[in-house]
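Down below is the structure, laid out as structure tokens.
The values are calculated or read from the model by the stated rules, or taken from the named source; none is laboratory data. The shown structure was predicted, so the numbers you read here are calculated from the model rather than taken from an experiment. Cβ placement follows ideal geometry from the backbone for every residue including glycine, while neighbour counts extend to all protein chains displayed. The area values use the complete protein model at the heavy-atom level, side chains included, leaving out ligands, DNA and RNA. Shrake-Rupley method; radii C 1.70, N 1.55, O 1.52, S 1.80 Å.
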Amino acid sequence: MKYVIITAIIAILIFLIYQYYPPLGGKSSTESRKRIHESNHFADGKFHNQISTPLDYGLKGTVDTTVKAIKGIPNSKPKGSIPVQPFDSKSFIENPEDQVIWFGHSTLLLKVSGVKLLLDPVFGDYASPVRYVGPKRYSDKLPAQIEDLPDIDAVIISHDHYDHLDYGSIRKLRGKVKQFIVPLGVAGHLTNWGVDPGKIIELDWWDEESFQGLTIASTPARHFSGRGGGRSGPTLWSSWVIVGGKSKIYYSGDSGYAPHFKEIGSKYGPFDLTLMECGQYDEKWASIHMTPEESLNANLDVQGKRMIPIHWGAFTLAFHSWTDPIERAKHAADKLNVELATPKIGETMFINAREYPDAHWWEDVD
């Protein structure tokens, strides 16, 4: 009887955590649920990719992953400090040129036609719902904290995983952001965290939004969603197209390699700049994350002129060395004659400039 009571108490505690622990997110409104159920990509209670994307790795896959985690991966984290350039708010605001600043992983600050955009803002030290648990950021500092940023015109979210949608960051940002533009279903998390529903726009794949002179389009990705403790795919995942007066930018979000890249290139390309995920891959995750070589092919598919490799340089989320993504991406870019920009974290890159950062800065990290 004692064990039954203990089990029941544990079950109740787990239920309460999943129901009420804020970082796990929130539920969609009635209006949002209506749009979700009307989506062509939603069926059987969840969102689906355009093509078959198996996510069940089975017992063997789970065991293999556990063994890899126990053994560890050589050079999985930098031993020394990663160079970080401080954010120059005055220059960012006053320089009229279209620009982008990488904050590590998939967090990027852009100014396009004077509009200030923040992509997948994760400013926390951990890519996890619980502080001090899970992947820890390599750098002890960032180019700027949220308090140091200028007011942001729009935050754009690719999907609801912890390394792309961070509870603490949204809580700090909610008062200095005019608009949140997100895939279907993600608004439920934001409103649960105190964001005014009137400041949130939810888009399905191929939906476009006119925003302060920009065209912002939600486009397909091949991935999945969910913040744990429930079914997979409750919210949509997207890549994004940003079209300004002088620049066209593509942000891949997280995605496996698939035909949607050519579709996007045909509809919106060519792009002046692509922000393409190239890290945190594994052979068992091939359907949902690209290898660096596939990232370069995706850049060609969308007709990208210049590419910044992202989704690396901040957290260890896969079983490869921390420099493997950029080394392989550089090799593939040289082979394919692609302009690969490699800015340091915090380094400003002007999107339409003839010159672009291409230093091998990671080689100088001890």
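Residue pairs whose Cβ atoms lie under 8 Å apart, sitting 6 or more positions apart in sequence or on different chains, and linking a residue in region 71-88 that is in contact (Cβ under 8 Å) with a residue 40 or more places away in the chain and open to solvent by 90 Å² or more (accessible area, probe 1.4 Å) to a partner that is of a type in the set (Gly, Ala, Ser) and assigned to a loop (DSSP other than H, G, I, E, B), are 74/321; 81/139; 86/144; 86/346.
Consider region 89-111 and keep the residues that are within 20 Å of residue 254 (Cβ to Cβ) and among the aliphatic types (A, V, I, L, M). The one that is nearest to the chain's Cα centre (by Cα) is 108.
Output yes when any residue across region 323-336 is modelled with pLDDT of 95 or more, at positive phi and open to solvent by 40 Å² or more (accessible area, probe 1.4 Å), and no when none is. For region 323-336, residues modelled with pLDDT of 95 or more, at positive phi and open to solvent by 40 Å² or more (accessible area, probe 1.4 Å): absent. Which condition number in (1) at pLDDT below 95; (2) within 24 Å of residue 241 (Cα to Cα) is the one that residue 284 fails? Failed condition: (2). Show the residue pairs meeting these rules: Cβ distance below 8 Å; 6+ apart or different chains; first residue within region 345-366 and within 19 Å of residue 249 (Cα to Cα) and open to solvent by 10 Å² or more (accessible area, probe 1.4 Å); second residue part of a helix (DSSP H, G or I) and of a type in the set (Gly, Ala, Ser). Within 8 Å, the pairs are 348/91. Within region 309-322, if we keep just the residues that are outside any strand (DSSP E or B) and within 15 Å of residue 104 (Cα to Cα), the residue that is most open to solvent (accessible area, probe 1.4 Å) turns out to be 317.
The rows are residues; the columns are (1) outside any loop (DSSP other than H, G, I, E, B); (2) open to solvent by 10 Å² or more (accessible area, probe 1.4 Å); (3) touching a Phe, Trp or Tyr at 6+ places or on another chain (Cβ under 7 Å).
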| position | (1), (2), (3) |
| --- | --- |
| 249 | yes, no, yes |
| 253 | no, no, yes |
| 276 | yes, no, no |
| 290 | no, no, yes |
| 299 | yes, no, no |
| 307 | yes, no, no |
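Here residue 225 does not fit the description of being in a loop (DSSP other than H, G, I, E, B), of a type in the set (Ser, Thr, Tyr) and at pLDDT below 95.
Taken as a whole, the condition of being in contact (Cβ under 8 Å) with a residue 12 or more places away in the chain and more than 30 Å from residue 28 (Cα to Cα) applies to residue 300.
For residue 218, the conditions (1) out of contact with any Lys or Arg (no Cβ under 9 Å at 6 or more places or on another chain); (2) not in a strand (DSSP E or B); (3) not β-branched (Val, Ile, Thr) are fulfilled apart from (2). Summed over region 212-230, the residues that are in contact with a strand residue (DSSP E or B) (Cβ under 6 Å, 6 or more places away or on another chain) and open to solvent by less than 20 Å² (accessible area, probe 1.4 Å) give a count of 6. Given the criteria part of a loop (DSSP other than H, G, I, E, B), at pLDDT 95 or above and charged (D, E, K, R), does residue 163 qualify? It is true that residue 163 is part of a loop (DSSP other than H, G, I, E, B), at pLDDT 95 or above and charged (D, E, K, R). Which pairs turn up if I take residues in region 128-153 that are of a type in the set (Val, Ile, Thr) and look for partners that are surrounded by 15 or more Cβ atoms within 10 Å (Cβ to Cβ) with beta carbon separation below 6 Å, at least 6 apart in sequence or on another chain? Note: pairs meeting the criteria are 146/123; 146/172; 146/173; 152/116; 152/118; 152/177.
Only residues that are under 20 Å from residue 78 (Cα atoms), assigned to a loop (DSSP other than H, G, I, E, B) and not acidic (Asp, Glu) were counted across region 129-150, and they come to 10. Checking each residue in region 176-211 for being at positive phi and surrounded by 19 or more Cβ atoms within 10 Å (Cβ to Cβ) picks out only 185.
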